[in-house]
Amino acid sequence: MANLQNCLDSCSIYVGTYRKYNEGSLFGEWLNLSDYSDYDELLEVMKKLHSDEKDLEFMFQDYEHCELFEKLGLIGESHISKDIYEIAGHINDSGYNLEVFKA
């Protein structure tokens, strides 16, 4: 049975930008969500990674995550929900394992 920590450990996103992609570049980096304490910290790292651009439009060209986050629509090509860390925290605080939430 997977617990929250296992779920966050398996959540990673490949962060590029639409501008770079449209210019033929796949430049970006894999970021593990468990490496950051909250959405704001993750956002700062993404901004720093693409600091060469002025009007950032992040593109999540690939992502790996637990089924629950997929079902909830928390990660997609053009977004990552600012609520993902809060939801993960609620799951963790509940004391239930992820299989209960997946059901």
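Please compute the contact order of region 51-103 in relative form: average sequence separation of alpha-carbon pairs under 8 Å and at least six residues apart, divided by the residue count, as a percent. Let's see the in-between values first.
Numbers: 25 pairs, mean separation 16.6, N = 53.
This gives 31 percent for region 51-103.
When you have a sec, figure out the Kirkwood radius of region 46-103 from all distinct Cα pair distances and drop it here in Å to one decimal? All intermediate terms of the calculation are to be shown ahead of the outcome.
Numbers: mean 1/r = 0.0757 Å⁻¹.
Mean inverse Cα-Cα distance, inverted, gives 13.2 Å.
For region 56-101, which chymotrypsin sites (Phe, Trp or Tyr not before Pro) are in a loop by DSSP, counting at most 16 other Cβ atoms within 10 Å? Write out the running numbers ahead of the final one.
Working: sites: F58, F60, Y63, F69, Y85, Y96, F101; in loops: Y96.
Loop-located and lightly packed - Y96.
When only DSSP loop residues count, what trypsin sites (Lys or Arg not before Pro) in region 2-96 have their Cβ near at most 11 other Cβ atoms within 10 Å? Each step should come with its number before you reach the end.
On the way: sites: R19, K20, K47, K48, K54, K71, K82; in loops: K54, K82.
For trypsin sites (Lys or Arg not before Pro) across region 2-96 that sit outside H, G, I, E and B with at most 11 neighbouring Cβ atoms in 10 Å, the list reads K54.
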* Structure fact -> Note to self: C-alpha centroids of region 7-23 and region 48-103 sit apart, in Å, by 11
* Check each of the GluC sites (Glu not before Pro) in region 23-68 and keep only those in coil by DSSP with at most 10 other C-beta atoms within 10 angstrom; list them in order. => E23
* Each residue of region 72-77 in order: what ³J(HN,Hα) in whole Hz does its phi give by Karplus 6.51 cos²θ - 1.76 cosθ + 1.60, θ = phi - 60°, with x for Gly and Pro? -> 7, x, 7, 9, x, 4
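What's the magnitude of the charge dipole for the chain around its Cα centre, counting Lys and Arg as +1 and Asp and Glu as -1 at the beta-carbon? Answer in Debye, nearest 20.
Values: 8 positive and 21 negative charges, 28 e Å.
In debye, rounded to 20, the chain gives about 140.
Considering only protein heavy atoms and a 1.4 Å probe, what is the carbon-and-sulfur percentage of the accessible area of the chain? Display every interim value, and only then the final one.
Working: 2880 of 6330 Å².
Answer for the chain: carbon and sulfur cover 46 percent of the accessible area.
In whole percent, what relative contact order does region 13-72 give with Cα contacts below 8 Å and a gap of six or more residues? Don't skip to the end; give the middle numbers.
Working: 57 pairs, mean separation 29.1, N = 60.
Reported as a whole number, the value is 48 percent.
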* May I ask you to derive the relative contact order of the chain, considering only C-alpha pairs under 8 Å and at least 6 residues apart, and to give it as an integer percent? => 36
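Under a 1.4 Å probe, what is the accessible area of the chain per residue, stated in Å²?
Working: 6330 Å² over 103 residues.
Using a 1.4 Å probe on heavy atoms only, each residue of the chain averages 61 Å².
Calculate the translational D of the chain in whole µm² s⁻¹ from Stokes-Einstein, where the hydrodynamic radius comes from the Kirkwood formula applied to all Cα pairs, the temperature is 4 °C and the viscosity 1.567 mPa s. Mind showing how you got there, number by number?
Numbers: Rh = 14.3 Å.
Once the numbers are plugged in, D ends up at 91 µm²/s.
Which pairs in the list K54/K82; K20/K71; K48/K71; K71/K102 are over 19 Å apart, alpha-carbon to alpha-carbon? All intermediate terms of the calculation are to be shown ahead of the outcome.
Numbers: K54/K82 21 Å; K20/K71 29 Å; K48/K71 29 Å; K71/K102 8 Å.
From K54/K82; K20/K71; K48/K71; K71/K102, over 19 Å: K54/K82; K20/K71; K48/K71.
The values are calculated or read from the model by the stated rules, or taken from the named source; none is laboratory data. This is a predicted model, so every value here is computed, not measured. Every residue, glycine among them, receives a Cβ derived from its backbone with ideal geometry; neighbour counts consider all protein chains shown. Heavy atoms of the whole protein, side chains included, go into the accessibility calculation; ligands, DNA and RNA do not. Shrake-Rupley method; radii C 1.70, N 1.55, O 1.52, S 1.80 Å.
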